[in-house]
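Asker: My structure is below; once you've seen it, I'll send some questions.
The values are calculated or read from the model by the stated rules, or taken from the named source; none is laboratory data. These figures come from a predicted structure and were not determined experimentally. So basically every Cβ, Gly included, is an ideal-geometry build from the backbone, and we count neighbours across all protein chains shown. Keep in mind that these areas ignore ligands, DNA and RNA; they rest on the heavy atoms of the full protein, side chains included. Shrake-Rupley method; radii C 1.70, N 1.55, O 1.52, S 1.80 Å.
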Amino acid sequence: MTDSPTLYAPGWPGISPRWTSSAKTGAGTALNQHSKVWFTLSHGILNEVYFPRVDQACTRDLGLLVTDGRAFFSEEKRHCTFENKPVEPGIPAYELTNTEIGGRYRIHKEVFSDPYRNVVLQKIRFEPLQGQLSDYHLYALLSPHLANCGYHNTGWVGDYKGLPMFFAEHNDTALALGSSAPWKKMSVGFVGASDGWQDLSAHFQMEWEYDRAENGNLACTGEVDLGACNGEFVLALGFGGIWSAAGQQVRSSLLEDYNELRQHYVLHWKNWQDTLLKLDEPKREHDLYRSSTAVMRTHESKDFLGGIIASLSIPWGFNKGDEDLGGYHLVWPRDLVETAGALLAAGAVTDAVRVLRYLEATQEGAGNWAQNLWLDGRAYWSGVQMDETAFPILLLDLLRREAAPGLGKLQRWWPMVRNAASYILRNGPVTQQDRWEEEAGYSPFTLAAEISALLAAADIADLTGHSDQASILRDAADAWNDNIERWIYATGGDLAKQIGVEGYYVRIAPPETDSAASPTQGFVPIKNRPPGENPERALHIISPDALALVRFGLRAPDDPRILNTVRVIDALLRVQLPQGACWYRYNGDGYGEHKDGSPFDGTGVGRPWPLLAGERAHYELAAGRSKEAEALLTMIENCTAGHGRLLPEQVWDGDDIPAVELFRGKPTGSACPLVWAHSEYIKLRRSLRDGKVFDQPPQTVQRYLVEKPVRQIFGWRFNNKAHSVPRNKILRLVLLTPAVVRWSTDGWKTFTAINTRDTGLGIYILDLPTASMPSGGQVAFTFYWPLENRWEGTDYTVTVE
């Protein structure tokens, strides 16, 4: 380097930063704890690279520009057709072939990460299809977005121990980009003002050579000396806490034998894949089993072991900037347990136990889990979804029943189970948010998860010497199970008449109020709708979520109420795509692109979810229709884009709109890959092999579908104040603090005062003798709160039906 004055780039701070396409065609990482980088691919180029954690994106993209130096300008991600395939099934190292649409050149790439360093390697070969190699100029274009931020990056041209490199820093994170071939020219500028794309698209060669750009939205541009490398070279993108650490990693990788690094990367993955169940035998035409298992492991943290994020993508990222800090690179406890179940289904038992340990360590003091969280356990959003508190209990029970090695003594897990079950008892059965993170109330999916978890917790309580608490847990599960139809089964009404059914389960019903005879008569606000649209009645909103009542074993697949609901679901939510049938989350959903294909921006139109086809396939299998389940498996396998074998969150259901890359039955701009979708696929493969639903809890099946005993308890609680109790049922008052209950069955002519009983599960109960009262009889009660030395000041009345 010369001692000439530093040339600063003009145009600070650059245009507003944006992330890039969420429709990934590849994602990978080395399968060890040495290399703490994760990479993604889309449109033939490297997209977000994550370091030092899988929840921290550090780049927007790294691609190539091609010119002839005079009049031709081409950007590979915009002006090529793409081929992308893993080097072997289940090995997330990728071979990319990008062919210019005019037939002038082809770029061959191999992408993987150094298994021993924080470096992503790309072996690149530039092939001229017209003219000679000397007719072309090739440029690397890198957009740093360090520490999840597109702004506030500082970049410069420099060297590490004499090897020229690009560097960028933001806070305590740095990157370096080096090449095995010499750089002919190098420049760092502000995006939209002084970056290399602006330079080359206008001048067809680099006329700007800026040394430094500070505190903005940056791009680094370097011309590769094609003549010096005969068109073949390696780009190394490395990371560290400071620039020198990143530079050291890059130089070290470039000094190693490339083929040896590749061999080790592949070997580590093959060794893990070889331990898994061979659920892919016999092979299917578009088999996703090995790519799905690789997706799950690729999304796991290397510091917070067992922490697996939802997706290495930012939905509609090209339309989002620094304000979308989390994207989908966060942990959702529900998705995490679904993934752990899939790992177990694939035979990766140790990996599934690792997830359970992560959940144990990130449980909130109150007993629940955050709606979603950074890998270190910090909550991101503040909502409460009761199914996310139920799922870890179900995971432990599944591992226990599978006799998972490494689980240790069951007693070790009782505190986690007790605290989670206590939270469910204290706050259920209603949920602040359903599994779609939107509405409060009674959700069939949440209820199924809660009830199943309470029964699983009861078994664990018995096995760990807590039988008294086991009976409380089973009583609550029974009471809630008995009330499912009361809460979420709508009868009569215009929709039932239109479809010709007696009734159906609704998507969600608000908690009972005095103004509604049934929760299904209440109103539900629909999220992601334009302002001013009125709430809908609960009985008008339908979801495939009701099938969870079968998946979790609470209702039989041929229960007439389930069959009625399936008819309604298919009438309102089923869509026929080129590859087969798929389903929407619910009618009126607004989470998806607008009708014209423009990105979701807070409002939109919900699109079909392939994972819902997986859930439907599990229902068909439970109903004894394995051929239908197999057909849906094939449908899911055809929802991927190209050869990437990655499953999206949503697929497009409208006419093709090539201008915005939307094609019927193919991924939208939503998250891709969605780990949850891959998890559902793997569990379906296991279920089809076994001939039964892999993750169905046996407790619910035995208790509610086989034994079917008459249950005696009917609950009353402040978040679920019943106005009536079925005849011959005991009314159980469930309170969160100790109380003296004063109650009367004769209009307060006489009364009795009794202390509540501490269950040891965070609730205090008292049973009132309504079972012996006649229809129309009433019990009135009020409370004295000794800890606060006050009376409730309100009388409550419950009538015997």
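Asker: Any residue that is modelled with pLDDT of 95 or more, assigned to a strand (DSSP E or B), farther than 16 Å from L142 by Cβ and in contact with a strand residue (DSSP E or B) (Cβ under 9 Å, 6 or more places away or on another chain) - is there at least one of those in the range 189-208?
Answerer: Checked against the condition, which is being modelled with pLDDT of 95 or more, assigned to a strand (DSSP E or B), farther than 16 Å from L142 by Cβ and in contact with a strand residue (DSSP E or B) (Cβ under 9 Å, 6 or more places away or on another chain), the range 189-208 yields no hits at all.
Asker: Kindly check whether there is at least one residue in the range 233-240 that is in contact (Cβ under 8 Å) with a residue 40 or more places away in the chain, of a type in the set (V, I, T) and either assigned to a helix (DSSP H, G or I) or over 25 Å from G150 (Cα atoms) (or both).
Answerer: The answer is yes; a qualifying residue exists.
Asker: Say we look at the range 76-115 and pick out the residues that are acidic (D, E) and open to solvent by 10 Å² or more (accessible area, probe 1.4 Å); which of these is farthest from S35 (Cα to Cα)?
Answerer: In this case the residue turns out to be E100.
Asker: Same structure again: The conditions are (1) farther than 20 Å from C229 by Cβ; (2) among the aliphatic types (A, V, I, L, M); (3) crowded, with 20+ Cβ neighbours inside 10 Å, and L65 fails exactly one of them. Which is it?
Answerer: Exception for L65: condition (1).
Asker: Evaluate the range 726-745: report whether one residue or more is open to solvent by less than 20 Å² (accessible area, probe 1.4 Å), among the hydroxyl-bearing types (S, T, Y) and in contact (Cβ under 8 Å) with a residue 24 or more places away in the chain.
Answerer: Yes; the residues of the range 726-745 include at least one that is open to solvent by less than 20 Å² (accessible area, probe 1.4 Å), among the hydroxyl-bearing types (S, T, Y) and in contact (Cβ under 8 Å) with a residue 24 or more places away in the chain.
Asker: Looking only at the range 80-117, which residues are over 19 Å from A641 (Cα atoms), among the aromatic types (F, W, Y) and in contact (Cβ under 8 Å) with a residue 40 or more places away in the chain?
Answerer: Listed by number, the residues that qualify are F112, Y116.
Asker: Among R686, R645, which is farther than 23 Å from F391 by Cβ, in contact with a helix residue (DSSP H, G or I) (Cβ under 7 Å, 6 or more places away or on another chain) and either assigned to a loop (DSSP other than H, G, I, E, B) or basic (K, R) (or both)?
Answerer: R645
Asker: I would also like to ask the following. One residue is enough: does the range 428-450 have a residue meeting the conditions open to solvent by less than 10 Å² (accessible area, probe 1.4 Å), within 21 Å of I730 (Cα to Cα) and β-branched (V, I, T)?
Answerer: no
Asker: A further question on this structure: Give the number of residues within the range 746-801 that are charged (D, E, K, R) and open to solvent by less than 80 Å² (accessible area, probe 1.4 Å).
Answerer: Counting residues in the range 746-801 that are charged (D, E, K, R) and open to solvent by less than 80 Å² (accessible area, probe 1.4 Å) gives 3.
Asker: If we keep just the residues of the range 235-249 that are open to solvent by less than 20 Å² (accessible area, probe 1.4 Å) and hydrophobic (A, V, I, L, M, F, W, C), which is nearest to R60 (Cα to Cα)?
Answerer: L237
Asker: Looking only at the range 643-661, decide whether some residue is out of contact with any His (no Cβ under 6 Å at 6 or more places or on another chain), under 26 Å from L330 (Cβ atoms), of a type outside the set (A, V, I, L, M) and open to solvent by 10 Å² or more (accessible area, probe 1.4 Å).
Answerer: Yes, the conditions are met somewhere in the range 643-661.
Asker: Can you tell which of A421, A457, A470 is free of Cβ contacts under 8 Å to residues at least 60 places away in the same chain and either out of contact with any Ser or Thr (no Cβ under 9 Å at 6 or more places or on another chain) or closer than 21 Å to Q696 by Cα (or both)?
Answerer: After applying the criteria, what remains is A470.
Asker: Hey, can you tell me all the residues within the range 459-471 that are open to solvent by 10 Å² or more (accessible area, probe 1.4 Å) and within 22 Å of P709 (Cα to Cα)?
Answerer: D459, D462, S467, D468, Q469, S471
Asker: Next question. Scanning the range 540-563 for residues that are out of contact with any helix residue (DSSP H, G or I) (no Cβ under 6 Å at 6 or more places or on another chain), of a type outside the set (V, I, T) and open to solvent by less than 30 Å² (accessible area, probe 1.4 Å), which turns out nearest to E437 (Cα to Cα)?
Answerer: Among those that are out of contact with any helix residue (DSSP H, G or I) (no Cβ under 6 Å at 6 or more places or on another chain), of a type outside the set (V, I, T) and open to solvent by less than 30 Å² (accessible area, probe 1.4 Å), it is S543.
Asker: For the range 262-301, which positions are assigned to a helix (DSSP H, G or I), among the polar types (S, T, N, Q) and out of contact with any strand residue (DSSP E or B) (no Cβ under 8 Å at 6 or more places or on another chain)?
Answerer: Q263, N271, S292, T293
Asker: Could you identify the single residue in T20, T6 that is of a type in the set (S, T, Y), assigned to a loop (DSSP other than H, G, I, E, B), out of contact with any Phe, Trp or Tyr (no Cβ under 7 Å at 6 or more places or on another chain) and at pLDDT below 95?
Answerer: So the residue among T20, T6 that is of a type in the set (S, T, Y), assigned to a loop (DSSP other than H, G, I, E, B), out of contact with any Phe, Trp or Tyr (no Cβ under 7 Å at 6 or more places or on another chain) and at pLDDT below 95 is T6.
Asker: Okay, moving on. Scan the range 610-621 and tell me whether some residue there is of a type in the set (S, T, Y), outside any strand (DSSP E or B), surrounded by 22 or more Cβ atoms within 10 Å (Cβ to Cβ) and in contact with a helix residue (DSSP H, G or I) (Cβ under 9 Å, 6 or more places away or on another chain).
Answerer: Scanning the range 610-621, I find at least one residue that is of a type in the set (S, T, Y), outside any strand (DSSP E or B), surrounded by 22 or more Cβ atoms within 10 Å (Cβ to Cβ) and in contact with a helix residue (DSSP H, G or I) (Cβ under 9 Å, 6 or more places away or on another chain), so the answer is yes.
Asker: Look at the range 771-799 and say how many of its residues are out of contact with any strand residue (DSSP E or B) (no Cβ under 6 Å at 6 or more places or on another chain) and among the β-branched types (V, I, T).
Answerer: Count: 1.
Asker: Right, something else. Could you please tell me which pairs satisfy a Cβ distance under 7 Å, a separation of 6+ or placement on different chains, a first residue in the range 259-276 that is within 13 Å of A294 (Cβ to Cβ), and a second residue that is open to solvent by 50 Å² or more (accessible area, probe 1.4 Å)?
Answerer: V266/E88
Asker: Among (1) basic (K, R); (2) within 30 Å of D656 (Cα to Cα); (3) in contact with a Ser or Thr (Cβ under 9 Å, 6 or more places away or on another chain); (4) without any contact (Cβ under 8 Å) to a residue 24 or more places away in the chain, where does R537 come up short?
Answerer: (2)
Rundown of residues vs (1) closer than 17 Å to W183 by Cβ; (2) surrounded by fewer than 21 Cβ atoms within 10 Å (Cβ to Cβ); (3) modelled with pLDDT under 95, yes/no style:
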{"residue": "C220", "(1), (2), (3)": "yes, no, no"}
{"residue": "E232", "(1), (2), (3)": "yes, yes, no"}
{"residue": "Y258", "(1), (2), (3)": "no, yes, no"}
{"residue": "H268", "(1), (2), (3)": "no, yes, no"}
{"residue": "L276", "(1), (2), (3)": "no, yes, no"}
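Asker: Return the residues of the range 564-585 that are open to solvent by less than 20 Å² (accessible area, probe 1.4 Å) and among the small types (G, A, S); say none if nothing qualifies.
Answerer: G580, A581
Asker: Out of the residues in the range 317-328 meeting the condition of being surrounded by fewer than 23 Cβ atoms within 10 Å (Cβ to Cβ) and either over 15 Å from the mean Cα position of the chain (by Cα) or modelled with pLDDT of 95 or more (or both), tell me which one is nearest to R117 (Cα to Cα).
Answerer: That would be L325.
Asker: Restricting attention to the range 22-35, report how many residues are touching a Gly at 6+ places or on another chain (Cβ under 9 Å) and surrounded by fewer than 24 Cβ atoms within 10 Å (Cβ to Cβ).
Answerer: Going through the range 22-35 one residue at a time, the tally reaches 0.
Asker: Can you give me the ranges of the helices (runs of 4 or more DSSP H) entirely in the range 384-469 with at least 1 residues that are acidic (D, E) and under 23 Å from the mean Cα position of the chain (by Cα)?
Answerer: 386-401, 444-463
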